[in-house]
Each structure stands twice: as structure tokens, then as C-alpha cells.
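Here the structure is laid out as C-alpha cells; the discussion comes afterwards.
The values are calculated or read from the model by the stated rules, or taken from the named source; none is laboratory data. Everything numeric in this text was worked out from a predicted model, so none of it was measured. Because the Cβ atoms are built from the backbone with ideal geometry, glycine has one as well, and the counts that use them run over all protein chains shown. Just the protein is used for accessible areas: all its heavy atoms, side chains included, with ligands, DNA and RNA removed. Shrake-Rupley method; radii C 1.70, N 1.55, O 1.52, S 1.80 Å.
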Amino acid sequence: MNYISTRGGMAPLRFSDVLLQGLAPDGGLAMPESYPQIDRARLDAWRDLSYAELAFNILGLFADDIPADDLRAIVERTYRAEVFGAAEITPLKTLSDGIKLLELSNGPTLAFKDMAMQLLGNLFEYVLGRRGQSLNILGATSGDTGSAAEYAMRGKRNVRVFMLSPEGRMSAFQRAQMFSLADDNIHNIAIRGMFDDCQDIVKAVSADAGFKTAFSIGTVNSINWARVVAQVVYYFKGYFAATASNDEKVSFCVPSGNFGNVCAGHIARSMGLPVDRLIVATNENDVLDEFFRSGRYRPRSGAETRVTSSPSMDISKASNFERFIFDLCGRDAGEVKALWASVASGQGFDLSARREEIAERYGFVSGRSTHADRLETIRRVDADSGVVVDPHTADGIKVARDLRRDGENVVCLETALPAKFSETIREALGRDAPRPDGFEGLEQREQRVTVMDADAERVKAFIRDHVAA
Ligand SMILES: *Cc1c(COP(=O)(O)O)cnc(C)c1O
């Protein structure tokens, strides 16, 4: 399998190369040259596989430059009950109204990002080891991504993590999760500033080509192809769990921000998984809902981006969206390039002429949820089904309830556990969210963090000091 760029300016690469790459050299995103097609016989053969076996079969189609035995060992090491809390890895629950909930948040940081990031950690260690290289991951986080990256990379050979976060702006739970890690290869840096300051520092350090090469600076952001493809697996697993036979169809409802999660659903559907509709749920930051309703994509400015109670969906533009648009444009890289030039100029683009195709051929529909909707949904699901859901998952359930058709088998993706968002759970239910085993007293553990002014030179000096020459 070869990978090409959505903007057409990259010589074809293999999986291990795009694994370590951020953006393609032309500013586009890596995509497989074509989607492997899963026929009925293969779907039947996959129905009863364990999560790890299914992952091995699916990933093997995309990562065919890794020897099969090595890939199998990596996948078995990743998708274990000891890491994800249950042998099924992603158990499926049915709510009182028949809507199903696919649990994706039982990994070490209690959010679905662990599903892909845990694999990424093992893949990085393997590929870097084989090449005799090392990588210093520099990232900025306001919450879920940073902790998922640190828990995936902790203790891994050849990898160090330098994670910037805005001082005092994360929740006490998130701070405790990240700062209590004692591994030598994990470095937390709290920046006196906002999330944007952290992101600017990452950009400034990465723009220093000499430093970037000398210190092997890399990233793990959501446009990483390996993260997207790892997520394809749970759409298959969720489909099998929600149906009795491969004659049935399922619709997935996905709380969305950067479009990484639902992009994996689009890929699973394009591979031939019997998916009816892909329901995109947004919060008040509704750039994606606006697109799927109108065909117009109008990224917001930072000032227009609202801080909400489902913060991991507070985005102004959706970084993985370009992958779907590439397919929608019939894989015409020239057209994608022109559309994103228009995004860069602040104008966005208008594909309203293709609205019917987006819904009919690709199955996309969307809806939006607000703070009041989240609170109401958390209360109703608790009262009717005895399940406490987190605010992001609640956005999904609210939109699924609004859009579900008669007889439609809808699976909502659970993207985090409520324990991470206690404040909103208290507001909705008047009590704390349940805490999974092993997280008791998290906030009391010793914390390790270096506080610094928002200055790229200081961050560079810190990296220099901590990377053995
Ligand atoms: C990252 C995240 C999302 C958004 O996922 P995308 O892949 O960016 O669309 C939703 N909910 C939670 C809890 C997240 O951490």
C-alpha cells in the first residue's frame, strides 16, 4: 500500500514513513492510494474475531511494510484487557430507547484517543528501533491529547515527550493525570499563558529547521494517518457487536471536533462495511454541522471559537476534514489545493452543489447540541438507563435521538468517561461522576512539572538539556 498527499505534491510513501511524518511536504494529508475492499466472505470471516485479531487483519492491509509477525505482536501488546479494562476492548451497551453505546474510553486516560495513541506508542518504538533513530515529540495540549500521548509513550525506548500546557487552565483531574507520571522520558512544561501560546511555541520550534533536525523533533497530532487507521478497527468491531448478521446495516453517531474519529468511519464505510449513515454531532462550535447542512465550509477565527462544556470539540477548523473532501472531489488533488487556498485566505468554500451526493453517496448527516442539551441528556440517560455519560458523548446521544429514523440501528460512540468532566456532571446530576478503579486519590499523587514563560528559546534550551547528545 502506497500513500499519497491530498494536495498531490508527495512521492508515494509506505506506511512506516507516513507514520513518522506530520503534514505532507506540500501541506496536505497522507491518504492510501485506494481503500482495500472487504467482500462478504471476508466480513463473515471477521465477525467473530477478537479485537486484536481484527486489528491485525485490518491494519495489515494498510501497514504491509511491517512483517506480519511483528505487526501481530505489536497489536497483541496494544489491545489487551489489562490496558483497556475488558476482554472485548470496546464493549457495547444498549440504552433504554434502543440507542447503542460503543465504549471507547476504558483505556489509561479515559478517552477514546487511547484507542489509537496506545498503538502509535508501540508502532513508534518498533519503527524507530529498526531504523536506529530516536524521536522527541513536542506537543501542545489543553487536555485529552496530551495525556493520551504521554500514557502511550511512557517508558518507550527511543521516544521522549515534551508536552506544553497552559499553566492553571486544565482541570485538576487532567493536571494530575499528566503531572503524576514519573517516567524519565516524559516532560511536562506548564507555560505562563494560554493554549494558543503553547501552540505558537510548537510552531516556532518546528519552524527552526536546524533545531528540528538536530533534535529529531516530531509530533503526534490528530492528522497522523496511523491514528486515523487505528480507529477504523472499532467501527468494524462495533458493527459486529450491534448486529446479528452481515445482512444488517448500522448507523454511527460521532461527537466530532477535528473530524478524525468520524473520518475513520468514512473509511470503514468506503471499505465496504455495511454502514447506513454517519451522523456528525457538534457542540456550539458547529463549523461541521454547518457544512453538512449547507455544503458551505466556513472555518471560524479564534475569537469566534466558544469555550464549552464539551471542550475537546471546541475547534475552529477541522484538521482531518481535508481527507473526506479529497474523496468527495473524486481525489482531484488540484481541486483540494484550490479549496484549501481559499480556506487559508479566510474565505472557506462552497460545495452546496454536492449536498445530495454528500448525504446519499457518503451517508453524512449532522446535528448540533448545546450546554442545555448536554445537561438534559446526561440527566435523561442517567434516569432512564442508569448510565452516566460524559458531556461529549451526551452531545452524540442528543443528536442521535433527534435524527434517528424508525427502525434505524444507531451506535453512538462514547468518547470519554464522565470522571474527566466532574464539574459538568455535578451541574447535571448534583453528584460526582463515578470514578473507575485505580483513579482514587489521583489528585493527591506527587506531581512533576516545569513552569516557564511563553518563550520558544526557553523551551528549546529545556529540550537541549534533556536530550543526551
Ligand atoms: C478528541 C475528542 C473528540 C473529538 O474527536 P475528533 O476526532 O477530533 O473529531 C470528542 N470527544 C472527546 C472526549 C475527545 O477527546
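Numbers at a glance
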item	result
Qualifying residue in the stretch 19-27 (condition: under 20 Å from the mean Cα position of the chain (by Cα) and at pLDDT 95 or above)	no
Residue within the stretch 449-465 that is part of a strand (DSSP E or B) and crowded, with 17+ Cβ neighbours inside 10 Å present	yes
Among (1) under 20 Å from residue 119 (Cβ atoms); (2) without any contact (Cβ under 8 Å) to a residue 60 or more places away in the chain - the single one residue 22 does not satisfy	(2)
Test for residue 294: is it more than 13 Å from the ligand (Cβ to nearest atom) and open to solvent by 10 Å² or more (accessible area, probe 1.4 Å)	yes
Which numbered condition residue 49 misses (of (1) part of a helix (DSSP H, G or I); (2) surrounded by fewer than 20 Cβ atoms within 10 Å (Cβ to Cβ))	(1)
The stretch 119-150 - residue that is outside any strand (DSSP E or B), within 16 Å of the ligand (Cβ to nearest atom) and open to solvent by 20 Å² or more (accessible area, probe 1.4 Å) and, of those, nearest to residue 437 (Cα to Cα)	145
Of all residues in the stretch 279-291 being open to solvent by less than 20 Å² (accessible area, probe 1.4 Å) and assigned to a loop (DSSP other than H, G, I, E, B), the one that is farthest from the ligand (Cβ to nearest atom)	285
The stretch 166-193: number of residues that are among the small types (Gly, Ala, Ser) and within 15 Å of the ligand (Cβ to nearest atom)	1
All positions within the stretch 191-204 that are under 19 Å from residue 307 (Cβ atoms) and either polar (S, T, N, Q) or surrounded by 21 or more Cβ atoms within 10 Å (Cβ to Cβ) (or both)	191, 198, 199
Unique match (being of a type in the set (S, T, N, Q), under 28 Å from residue 148 (Cβ atoms) and open to solvent by less than 70 Å² (accessible area, probe 1.4 Å)) among 352, 369, 342	369
Residue within the stretch 260-278 that is more than 13 Å from the ligand (Cβ to nearest atom) and on the phi > 0 side of the Ramachandran plot present	yes
Pairs where the first residue, in the stretch 265-292, is touching a residue at least 40 places away in the same chain (Cβ under 8 Å) and the second is part of a helix (DSSP H, G or I) and open to solvent by 20 Å² or more (accessible area, probe 1.4 Å), C-beta under 7 Å, 6+ apart	275/269; 278/269; 279/403; 280/292
Matching option when the condition is open to solvent by less than 10 Å² (accessible area, probe 1.4 Å), modelled with pLDDT of 95 or more and under 26 Å from residue 347 (Cα atoms), among 250, 262	262
